[in-house]
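These notes concern the structure reproduced below.
Derivation of every value follows stated rules applied to the coordinates shown; laboratory data play no part. Here the structure is a predicted model, which is why all the values come from computation and not from measurement. Note: ideal-geometry Cβ built from the backbone for every residue, glycine included; neighbour counts use all protein chains shown.
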């Protein structure tokens with residue numbers, strides 16, 4: 001019995017000690033908590049304003065009949081000034097057969113008689129597309145009826161905003177019309193950057209075109225986008241932007257100067273193509289075939305030969321300008337001058353002759369003779385110049401000092417003074433300018449003629465030269481009848 005009683009007392013003692021330990025622990029916690037500082041009140045949350053939204057584009061009212069398209073205001077800003085957008089004009093039927101087709105039912109701005117058509121494949125989430133679009137709209141504002149612009153959607157697969165924008169603009173085009181489409185596209189160009197999430201709704205709302213893209217797809221808009229995608233595949237358009245200027249491909253961002261040069265070069269070629277007899281209804285198809293497929297003929301190559309302050313014979317408004325690079329000691333040049341004088345008898349009121357000096361290095365007296373003729377001009381004008389050159393081109397004339405003095409005297413001039421001034425180098429600078437121009441134009445022999453920029457090396461018989469002038473006059477009359485001015489102006493990029 002004694003061991004059992006001993007275990008009972010041990011158990012009771014263990015319970016008592018455990019309870020005492022717990023009570024002491026509770027008391028210690030209370031005492032510690034009592035000495036802690038009171039907790040700070042919860043901080044009042046401070047509202048942090050969200051970043052400001054970008055300022056919306058200035059809203060431009062969209063007229064119902066004669067819409068306005070914002071155009072550029074300066075060299076860097078997106079288009080702003082209002083530009084008249086007339087009622088859409090359907091393209092010629094032949095335009096749809098071109099390698100880069102222009103079709104009804106797709107965005108198109110401009111007259112079908114425009115000499116240049118620019119087609120832009122773009123993705124509005126692509127920064128280079130937006131930059132090129134601004135340049136295209138700026139150029140359209142400047143070119144007016146000379147330029148027609150077509151837009152094709154090419155959103156890249158990774159650009160969700162670009163795809164939404166393409167759908168919205170296609171729906172605007174088929175539900176609100178051509179004018180509303182270009183109004184919206186210009187507003188997106190004014191936005192200034194590739195589309196970021198949420199920007200599309202803001203820009204279109206500011207332009208008065210809320211609610212696009214529509215809640216449900218529009219069948220005609222979806223078909224338009226499918227057509228654009230198929231055409232992009234057919235034309236191997238893999239990058240945006242891709243432009244076609246009358247069929248000539250330009251890929252990626254095109255700087256302003258390069259874009260203007262490409263359009264102007266094609267405008268001149270198109271004007272000459274029309275002058276050659278191609279009907280306006282066939283012009284775009286013909287130029288696109290040539291530029292895209294290299295089929296057909298380009299207009300005859302012509303050089304821009306500046307007249308400058310050179311001696312001139314004939315009316316300033318002549319349809320044909322003939323620039324001759326010649327040498328007063330050259331027998332072929334003398335023969336060519338005689339043939340030209342004969343040919344001009346039939347066309348004196350329609351042909352202008354411009355003289356450029358090209359003294360050949362093997363002709364020891366040619367440079368001095370050219371200076372004497374220039375001295376005569378400086379003293380008494382172009383009439384004296386032509387009088388002296390005709391005298392020096394007479395058969396069997398030797399260009400010694402006596403012959404030079406005689407030619408000056410026959411023109412009623414002080415031969416001694418002018419001859420001395422020439423020998424002193426008074427006209428060397430003018431001769432060097434002509435020689436540098438000749439080198440630039442690839443002139444390698446005398447005589448060389450440029451007939452409205454068309455290069456004719458060597459002397460021609462009078463009958464052949466007269467026939468050439470006749471053909472050039474016929475061509476020049478067609479160009480002028482089309483309102484394109486003179487061919488020489490057209491070749492040099494001067495606008496009538």
Handout entry: the range 312-491 - percent relative contact order, Cα under 8 Å, separation 6 or more
Key = 32
Practice task
Counting other beta carbons within 10 Å of each Cβ, put 423, 436 in order, fewest first.
Solution key: 436, 423
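Which whole-number value in Å³ per residue fits the convex hull of the alpha carbons of the range 68-293?
Here the figure is 108 Å³ per residue.
Please arrange 103, 472 by how many other C-beta atoms lie within 10 Å of their C-beta, fewest to most. The partial results should precede the final answer.
Numbers: 103 14, 472 22.
Ascending Cβ contact count within 10 Å gives the list 103, 472.
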Exercise for the section: Would you please classify the overall shape of the range 312-491 from the alpha carbon gyration tensor, given that a ≥ b ≥ c denote the square roots of the eigenvalues, rounded means a/c under 1.5, and beyond that prolate means a/b larger than b/c while oblate covers the rest? Expected result: prolate
Practice task
Counting other beta carbons within 10 Å of each Cβ, put 330, 492 in order, fewest first.
Solution key: 492, 330
Completion exercise
Here the relative contact order (percent) of the range 68-293, from C-alpha pairs under 8 Å and at least 6 apart, is 27
